[in-house]
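Chemist: The structure's right below; bear with me while I get my questions together.
The values are calculated or read from the model by the stated rules, or taken from the named source; none is laboratory data. The model shown is predicted, which means the values in this text are computed figures rather than measured ones. Using ideal geometry, Cβ is built from the backbone for each residue, glycine included, and neighbour counts are taken over all protein chains shown. All accessible areas refer to the heavy atoms of the entire protein, side chains included, with ligands and DNA or RNA removed. Shrake-Rupley method; radii C 1.70, N 1.55, O 1.52, S 1.80 Å.
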Amino acid sequence: MTPAWPAGYRSGMRARGSLLRRVRELPPLVADGLLAALLTAIALPMLFLPSENFERLYAAGFRDPGPLAVLLTLCQTVPVAWRRRAPYAVLATVTAAATAHLALGFKPTFAEAAMVVSLYTVAAHRPRRQALVAGLLFGAALVGYGLIAEARYPSPFEDSLQSWTLTLIQFGAAFFLGDLQKRRLDYMAKLEALNAQLAEEQELRSRWAVAEERARIARELHDVVAHSVSVMVVQAGAARRTL
C-alpha cells in the first residue's frame, strides 16, 4: 500500500525538485557563481564571529582577522565560479590559499569546503588519467597542509589520527563521487550519440523506403502506360483493317 503523504510534504518535494531542475538548467558559469557566492556568504562571517568550539579545539588561539585574512578567504571561495572552466587552476589556487590561511594562523572557515568541491570537479570533468595525477599532487599538498596544522595546533595522537582519517575519507569520497559522475556523464554522452545515430539511420531508412515506393509506382505506371499504348496500337490496326 502506498503511504498517503501530507499535501504540504508533497508540495514541498515538488518545489524542491523544481528548484533543483531550474538550477541544473542554469548556465555553468551562473550556477558555479551562485555556489561561490554561497561559500563566501558562509565563510566571511565565520572569520569574524567568535566561536567557542574553535577556541576549545585549538588552544593556541588564532590571529586577528584583517584584510589579508579576507583576501585569502576570497581566494578560496571566488575561484569556484570557474571550477568547470579551469578545474586544475581552481584546485591549485584554492589549495594554496587554504594552506596560506592555515600557516598564517587565521581561524578556519567553511571556505575550506572549496577544496572538496574543486577536487570533485577535477575528477568529474577531466580525463581519468589526468584527474588521477592531479589527485595525487593534491594528496601531497594535503599532507603538507596536515603537517602545518599539526605543527601549529598540536593535539594528542588519538585526535590527530582521527583528524587525518576523517580528512582522507572526506577528500577520497569527493574524488570517488566525482569519478562516478564522470562515468555517468560519459554514459549519457554515449547514449545521446547512439540515439543520434539511430535517428539518422531511421531517417535514412525512411528515405530509402520512400525512394523504393516511388520506383515501384513508376514501374507500375510504366507497365500500365505500355499496356495502354499496346492496346491502342492493336485497336488502331483493327480499325484500319475494318475500314
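Chemist: Of the residues that sit in segment 176-208 and are charged (D, E, K, R) and touching a helix residue (DSSP H, G or I) at 6+ places or on another chain (Cβ under 8 Å), which one is farthest from residue 135 (Cα to Cα)?
Modeler: The selected residue is 182.
Chemist: Only one of (1) more than 19 Å from the chain's Cα centre (by Cα); (2) open to solvent by less than 50 Å² (accessible area, probe 1.4 Å); (3) modelled with pLDDT under 75 is not met by residue 17, so which one is it?
Modeler: Every listed condition holds for residue 17 apart from (1).
Chemist: Would you confirm, using the coordinates I've provided, whether residue 225 is open to solvent by 80 Å² or more (accessible area, probe 1.4 Å), among the β-branched types (Val, Ile, Thr) and assigned to a helix (DSSP H, G or I)?
Modeler: Here the answer is no, as residue 225 does not meet what is asked.
Chemist: Does residue 74 meet the test of being under 30 Å from residue 30 (Cβ atoms), open to solvent by 30 Å² or more (accessible area, probe 1.4 Å) and either over 17 Å from the mean Cα position of the chain (by Cα) or at pLDDT 95 or above (or both)?
Modeler: Yes: the conditions hold for residue 74.
Chemist: Sticking with this one: Just checking, how many residues over segment 153-200 are part of a helix (DSSP H, G or I) and touching a residue at least 60 places away in the same chain (Cβ under 8 Å)?
Modeler: So the count comes out to 2.
Chemist: Which residues, counting only those in segment 117-148, are open to solvent by less than 30 Å² (accessible area, probe 1.4 Å) and aliphatic (A, V, I, L, M)?
Modeler: 119, 122, 123, 124, 131, 134, 142
Yes or no, residue by residue, for (1) touching an Asp or Glu at 6+ places or on another chain (Cβ under 8 Å); (2) in a loop (DSSP other than H, G, I, E, B); (3) crowded, with 20+ Cβ neighbours inside 10 Å:
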| position | (1), (2), (3) |
| --- | --- |
| 69 | no, no, yes |
| 96 | no, no, no |
| 99 | no, no, no |
| 106 | no, yes, yes |
| 114 | no, no, yes |
